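Please read through the structure below; I'll follow up with questions.
The values are calculated or read from the model by the stated rules, or taken from the named source; none is laboratory data. Because the structure is predicted, anything quoted here is derived from the model rather than measured. Cβ sites come from the backbone with ideal geometry, for glycine too, and all protein chains shown count toward neighbours.
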Amino acid sequence: MPRELVAVSPRKPVLIEYEEPPLKSGQIRIKSRFSAEKHGTTLLIYKGLSPFSDKVFDADVGLFFPKETRRGWTVSFPIKLGNITVGTVVEVGDNVKRFKVGDRVWGYLPIRETHTVNEGEVNPAPSELSDEEIVCIDPAAVALMAVRE
């Protein structure tokens, strides 16, 4: 049975077994090759230090509020860890157009051994980049946004 990395409470990671659902039309199954955790927001969430841990973010006004006063995005445990994965397509559902078995792909996915996702949730992995380089796409994009601002 495959396993995934989950924080059951702040600073308490565990490997938990899970079952993959059957493939639906338009879905692919991926076997993970390399995954990474984002060093900013998700690491703070893991440590229990993020404002998302005890407040709610209201995107309309761009501010955090006490949970009891607003509805919005917040954090609760257990929470899946990881934010980017490179993998190999191992199964393809009906009506999948972009990928075939054996294709190398990447996406914003947690750290787990396998993933069942809609084909639009992942991207083809550039052959000129290693798995380790691909997981740096997200931090590089954040740095680029900071420079542009």
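Kindly check whether there is at least one residue in the range 23-33 that is buried (at least 17 other Cβ atoms within 10 Å of the Cβ), in contact with a Pro (Cβ under 7 Å, 6 or more places away or on another chain) and either without any contact (Cβ under 8 Å) to a residue 40 or more places away in the chain or of a type in the set (Gly, Ala, Ser) (or both).
So far as the range 23-33 goes, no, none of its residues is buried (at least 17 other Cβ atoms within 10 Å of the Cβ), in contact with a Pro (Cβ under 7 Å, 6 or more places away or on another chain) and either without any contact (Cβ under 8 Å) to a residue 40 or more places away in the chain or of a type in the set (Gly, Ala, Ser) (or both).
May I pose another question? Please pick out the residue among Val8, Val90, Val105 that is assigned to a strand (DSSP E or B), within 25 Å of Pro139 (Cβ to Cβ), touching a residue at least 40 places away in the same chain (Cβ under 8 Å) and out of contact with any helix residue (DSSP H, G or I) (no Cβ under 7 Å at 6 or more places or on another chain).
Val105
Return yes when Ile30 is under 30 Å from Glu128 (Cα atoms) and either touching a Gly at 6+ places or on another chain (Cβ under 6 Å) or not hydroxyl-bearing (Ser, Thr, Tyr) (or both) and no when it is not.
Considered against the rule, which asks whether it is under 30 Å from Glu128 (Cα atoms) and either touching a Gly at 6+ places or on another chain (Cβ under 6 Å) or not hydroxyl-bearing (Ser, Thr, Tyr) (or both), Ile30 comes out as yes.
Answer yes or no: is there a residue in the range 88-101 that is under 23 Å from Tyr46 (Cα atoms) and surrounded by fewer than 17 Cβ atoms within 10 Å (Cβ to Cβ). Walk me through how you get there before you give the answer.
Restricting attention to the range 88-101, the residues satisfying the condition of being under 23 Å from Tyr46 (Cα atoms) are none.
No - not one qualifying residue is present in the range 88-101.
Restricting attention to the range 54-75, which residues are modelled with pLDDT of 80 or more, part of a loop (DSSP other than H, G, I, E, B) and either touching a Cys at 6+ places or on another chain (Cβ under 7 Å) or farther than 18 Å from Val142 by Cβ (or both)?
Asp60, Val61
Give the residue that is nearest to the chain's Cα centre (by Cα), with candidates limited to residues of the range 102-125 that are surrounded by fewer than 18 Cβ atoms within 10 Å (Cβ to Cβ) and among the charged types (D, E, K, R).
Filtering first and then ranking leaves Glu121.
Still on this model: Restricting attention to the range 34-53, and to residues there that are closer than 30 Å to Phe99 by Cα and among the hydroxyl-bearing types (Ser, Thr, Tyr), which single residue is surrounded by the most Cβ atoms within 10 Å (Cβ to Cβ)?
Filtering the range 34-53 for residues that are closer than 30 Å to Phe99 by Cα and among the hydroxyl-bearing types (Ser, Thr, Tyr), the one surrounded by the most Cβ atoms within 10 Å (Cβ to Cβ) comes out as Ser35.
Return the residue satisfying two criteria in turn: it lies in the range 126-143 and is surrounded by 14 or more Cβ atoms within 10 Å (Cβ to Cβ) and in a loop (DSSP other than H, G, I, E, B), and of such residues it is modelled with the highest pLDDT.
Applying the filter and picking the extreme gives Leu129.
List every residue pair whose Cβ atoms lie under 6 Å apart, where the two residues are 6 or more positions apart in sequence or sit on different chains, the first residue falls within the range 113-139 and is of a type in the set (S, T, N, Q), and the second residue, located anywhere, is modelled with pLDDT of 95 or more and outside any loop (DSSP other than H, G, I, E, B).
Thr114/Lys31; Thr116/Gln27; Thr116/Arg29; Asn118/Gln27; Asn123/Trp106
Same structure, new question: Report, by residue number, each residue of the range 16-53 that is aliphatic (A, V, I, L, M) and in a loop (DSSP other than H, G, I, E, B).
Of all residues in the range 16-53, those aliphatic (A, V, I, L, M) come to 16, 23, 28, 30, 36, 43-45, 49.
Leu23, Leu49 - these are the residues of the range 16-53 that are aliphatic (A, V, I, L, M) and in a loop (DSSP other than H, G, I, E, B).
Sticking with this one: Looking only at the range 111-131, which residues are in contact with a Leu (Cβ under 6 Å, 6 or more places away or on another chain) and more than 16 Å from Leu23 (Cα to Cα)?
Within the range 111-131, just Ile111 meets the criteria.
If the requirement is being at pLDDT below 95 and over 20 Å from Val142 (Cα atoms), which of these qualifies: Lys47, Lys100?
Lys47
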